[in-house]
1. For a bin width of 10 Å, list the pair-distance distribution of the protein assembly as shown built from all Cα-Cα distances, rounded to whole %.
2. Which order do B:Ile95, B:Ile55 fall in if you start with the one that has the fewest other Cβ atoms within 10 Å?
3. If each of B:Leu166 and A:Ala116 carries a label point 7 Å out from its Cα toward its Cβ, how far apart are those two points in nm?
4. Can you name the helices of chain B, as whole DSSP H runs, whose Cα span along the helix axis is 15 Å or more and whose Kyte-Doolittle mean is not below -1.0?
5. Relative to the other copies, what are the label-point distances for B:Gln210, with labels 7 Å from Cα along the C-beta vector, expressed in nm at one decimal and sorted shortest first?
6. Tell me the mean residue ellipticity at 222 nm calculated for chain A from its helices only (DSSP H runs of n ≥ 4, each -39500 (n - 2.57), averaged over every residue, nearest 500).
7. Holding the Cα-Cα limit at 25 Å, pick out from A:Lys71/B:Lys84; A:Lys42/B:Lys71; A:Lys42/A:Lys71; A:Lys84/B:Lys42 the pairs that are longer than that.
8. Please report, in Å, the Rg and the Dmax of region B:162-239, where both are computed over Cα atoms only.
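FYI, it's all coordinate maths here, none of it is from the lab. It should be emphasised that the depicted structure is a prediction, and the values quoted were computed from it without experimental measurement. Heads up, the Cβs are rebuilt from the backbone with ideal geometry, glycines too, and the neighbour counts pull from every protein chain shown.
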Protein chains: 2
Amino acid sequence: MFTLFGRPKKHVVAPRLKPRSSKNAPDTNRVALAELTPQLSKYLGQAAYLQLSNIEVLSNLISTAPSVADKVAVTRIAALSVHKYEGLVAEMDQIGENAAELMEPFAPHIETFQRATLGGDWYEGLVTSYVTAGILDDFFIALAEGLDDDAARRIRSLLSDQASDLMVAELAAAIEANPRLASRLALWGRRLVGDTLLVARSALAVPENQHPDEARLEPVFTELIAAHTRRMDQLGLTA
Amino acid sequence: MFTLFGRPKKHVVAPRLKPRSSKNAPDTNRVALAELTPQLSKYLGQAAYLQLSNIEVLSNLISTAPSVADKVAVTRIAALSVHKYEGLVAEMDQIGENAAELMEPFAPHIETFQRATLGGDWYEGLVTSYVTAGILDDFFIALAEGLDDDAARRIRSLLSDQASDLMVAELAAAIEANPRLASRLALWGRRLVGDTLLVARSALAVPENQHPDEARLEPVFTELIAAHTRRMDQLGLTA
């Protein structure tokens, strides 16, 4: 079990006890997070650069796909991320900000994250996108709670359009064709969670010389991990 | 001057004599081409795989962009190609065909073309996308003339949305910052035309054991080259 804050999480809900339909992002505990939502321009810069990083990961998978069918499937997944990215850029345009300038400060940290999570082969790369984009979209949906109502509504709607079904179809087929992939991908998925939650955590607007109230934040991260567990479960893998 | 069919083209229109506003695809000589338009499924498979190849070229440029601003600009250009690709896939869906199956036969040829036109650095890669996607979109717009009216109208509208302005802004800035780039990029642009026109030519539905009427086709290719010359002219480069 992954613990971000060094305390065991005894109350992670076992995924198989939850109905399969609860695929949506966590929607409770938003109040705790809203207090730590950065200002809109920072929120958008970081969220957009994370989409761009996901587009880069998926683009690389398009180029190296084992078959044309895989190429087509991954392009469909990448197109969804392009759509989200464009929506976030449109939000920056709307507040009169330059997209590149808002994204720039987050480049070094997110590029380090991207390098650390590349994966050793095509299938691990696909799991990288599935796991990291899944967690981060969920996180930014929750974090949007602290934005003004109109922006929050648009951004939540934009980020909610997840590629899960396409991803699950693609990965489940690969695992079925090569059952030995399962344990390796499960292990890889587990490794990704730590780095991904640290990126999420770094997006919080914590006042200087202060620490966020870990006890209040913990349920947010517990929900992110529970949603991640459900995503791995959809692949038949243990989180 | 480039000649595809071994005959000198004496009547290529000098670009500076044409109004800048004539940036659109050639729209005469379509009748000659309509007779050689392949059936819709083949047309779509090839056009979609060419967009996908352009997306791959641009994706690589996103990952290797020299700055975040360049990354953002190229992502905007790539998003346009993703939009075209998705539109073509939607056309395949509409006629009940599987996108991957229709694209598959064109993969080897287009991948060879992609490898031959990669370019030696980031700026040459950008010129590759500008020149090859420019010519091929123009060509497939002209070739759509032989499709049924509804499909032709939708596809022409889809492919007409060109990224020229974004490309020109990006490349012109690079050339201004480093004037020595100009002659190298002009040379590279010239080299690309041959391979690109051969890919276009391979899309024609020429009956077995027959040759197309070169004399009737020549004006089509002359127009493609004239449009290419105008595109290079927009960069201040000689085609």
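1. Pairs per bin, as whole percents: 4, 19, 27, 23, 15, 9, 3, 1, 0.
2. Working: B:Ile95 11, B:Ile55 27.
The fewest-first ordering by Cβ neighbours comes to B:Ile95, B:Ile55.
3. 3.1
4. Working: long enough: B:40-63 (34 Å, 0.50); B:68-94 (38 Å, 0.29); B:149-160 (16 Å, -0.53); B:164-177 (19 Å, 1.14); B:181-202 (32 Å, 0.50); B:214-234 (30 Å, -0.51).
Flagged H segments are B:40-63, B:68-94, B:149-160, B:164-177, B:181-202, B:214-234.
5. The projected label point of B:Gln210 is separated from its counterparts by 7.8 nm.
6. Values: 11 runs with 157 residues, N = 239.
Roughly -21500 deg cm²/dmol at 222 nm, from the helical runs in chain A.
7. Details: A:Lys71/B:Lys84 16 Å; A:Lys42/B:Lys71 18 Å; A:Lys42/A:Lys71 34 Å; A:Lys84/B:Lys42 31 Å.
Check vs 25 Å cut-off fails for A:Lys42/A:Lys71; A:Lys84/B:Lys42.
8. Final numbers for Rg and Dmax: 15.8, 52 Å.
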